1. May I ask you to verify whether residue 237 is in the same structural domain as residue 77 (by TED's automatic domain parsing), in contact with a strand residue (DSSP E or B) (Cβ under 6 Å, 6 or more places away or on another chain), surrounded by 13 or more Cβ atoms within 10 Å (Cβ to Cβ) and under 25 Å from residue 44 (Cα atoms)?
2. Step by step: first the residues of region 98-118, then only those that are surrounded by fewer than 13 Cβ atoms within 10 Å (Cβ to Cβ) and within 19 Å of residue 144 (Cα to Cα), then the one that is farthest from the chain's Cα centre (by Cα). Which residue is that?
3. What about residue 150, is it at positive phi and without any contact (Cβ under 8 Å) to a residue 12 or more places away in the chain?
4. Give the number of residues within region 264-312 that are surrounded by 13 or more Cβ atoms within 10 Å (Cβ to Cβ) and in a loop (DSSP other than H, G, I, E, B).
5. Might you let me know whether region 246-255 holds any residue that is closer than 27 Å to residue 203 by Cα and either in a loop (DSSP other than H, G, I, E, B) or modelled with pLDDT of 95 or more (or both)?
6. Is one or more of the residues making up region 154-167 crowded, with 19+ Cβ neighbours inside 10 Å and closer than 15 Å to residue 114 by Cα?
7. What's the total number of residues in region 201-226 that are modelled with pLDDT of 90 or more and at positive phi?
């Protein structure tokens with residue numbers, strides 16, 4: 001009986017191979033998608049670690065939200081506060097899987113006048129992102145250092161980062177807050193522009209925990225039904241982040257997916273703080289960050305910070 005069973009079993013497996021778990025992932029073009037590029041490249045050749053992947057890259061959070069709400073994706077890389085908003089909007093159907101990007105916000109200027117947060121006193125900062133992470137992060141850092149927006153420091157909000165760069169070029173006294181890769185791109189295009197302050201470091205100095213820009217969320221239903229696939233993804237994701245941060249080929253791969261041009265990617269990667277932080281370390285840092293936003297503006301996190309079941313802990 002055994003002599004027949006094993007050859008037959010082998011034949012069955014050859015004819016009907018076990019299919020890989022398919023995972024649908026959405027990400028925004030920029031640092032949140034850059035960290036996935038190593039995995040995206042591997043997935044082009046077929047299943048990776050037992051998973052096959054479908055990637056959707058979008059230009060704005062507004063394009064990713066309906067995909068998550070409708071359940072069209074299993075995993076999404078999005079702004080940190082939006083993860084909390086979607087947790088509330090979907091009544092807990094999504095969980096935070098990992099932090100994918102720490103601070104990507106930088107203060108840039110033309111010249112050498114800004115070397116500390118105190119040097120911003122009396123200055124006007126041009127920035128995009130009112131009502132989102134840039135506003136809340138900047139106001140927290142200013143307040144923690146004894147500066148009040150609207151009194152000690154003035155903020156002029158623009159609709160696009162390009163307008164902030166234009167302000168830098170036209171006014172030698174201008175100061176702009178720019179995210180990566182826009183900050184590095186501005187420096188490449190105009191050598192008189194320099195990165196003066198790192199908002200992530202300023203936040204870390206004030207709060208003791210890093211500023212969080214991007215979070216990777218996943219469907220609670222998917223997590224409950226496909227634990228092995230989630231574990232494999234986390235392992236693959238960590239390898240992808242390592243590739244992006246350390247492999248000289250990474251900028252070309254990032255450019256091949258239309259995220260940012262190769263030279264801009266090469267210049268920006270050291271400043272993008274691309275990470276893969278999961279588990280208890282993720283919960284501690286993210287819960288603190290969202291609690292800060294909740295104090296500043298409850299609507300920025302969906303009305304209130306998420307409950308403990310928001311955090312996917314293995």
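The values are calculated or read from the model by the stated rules, or taken from the named source; none is laboratory data. Every value quoted in this text rests on a predicted model; they were computed, and no experiment measured them. Reconstructed Cβ throughout: ideal geometry from the backbone, glycine too, with neighbour counts over all protein chains shown.
1. yes
2. Only one residue fits best here, namely 118.
3. yes
4. 8
5. So far as region 246-255 goes, yes, one or more of its residues are closer than 27 Å to residue 203 by Cα and either in a loop (DSSP other than H, G, I, E, B) or modelled with pLDDT of 95 or more (or both).
6. No, there is no match, as no residue in region 154-167 is crowded, with 19+ Cβ neighbours inside 10 Å and closer than 15 Å to residue 114 by Cα.
7. The number of residues fulfilling the criteria is 0.
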